[in-house]
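Report on the following structure.
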Amino acid sequence: MPKIKSHKAAQKRIGVTGSGKLTRVNAWRGHHLQIKSSRRTRRYAGKSIIGGEHAEQVRRLLPYLLKGHK
């Protein structure tokens, strides 16, 4: 049986923590940062955890992402 292809766009944007949680980069941090307040840009800094129904959708897009975790 052939391998399942991973969704390449999702693969470039989503990561996994050591404990197996899915992470993503926050939006609104790409450009036009001069007109945004420091408080606002700090709020968008870092990464967020993907949970619930969205995590299930990502697991379908990336079947081999969590291989070796759990």
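Overview of results
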{"read-out": "Length added when fully stretched, Val16-Ala55, from 0.36 nm per residue minus Cα-Cα", "value": "12.9 nm"}
{"read-out": "Size of electric dipole in the chain: Cβ of Lys, Arg +1 and of Asp, Glu -1, about Cα centre, debye, nearest 20", "value": "220 debye"}
{"read-out": "Surrounding net charge for Ile50, when Lys and Arg each add one and Asp and Glu each subtract one, Cβ distance under 9 Å", "value": "+2"}
{"read-out": "The chain: calculated mean residue ellipticity at 222 nm from DSSP helix runs of at least 4, using -39500 (n - 2.57)", "value": "-8000 deg cm²/dmol"}
{"read-out": "Most positive-pole-ward Cα, Ile35, Gly51, Ile14, against dipole of region 8-61 from beta carbon charges", "value": "Ile35"}
{"read-out": "Pairwise Lys count, the chain - Cα closer than 22 Å, eight or more residues apart or different chains", "value": "19"}
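Laboratory data are not the source of any read-out in this text; all were calculated from the coordinates shown. Values in this document were obtained by computation on a predicted structure and should not be read as measured data. Cβ sites come from the backbone with ideal geometry, for glycine too, and all protein chains shown count toward neighbours.
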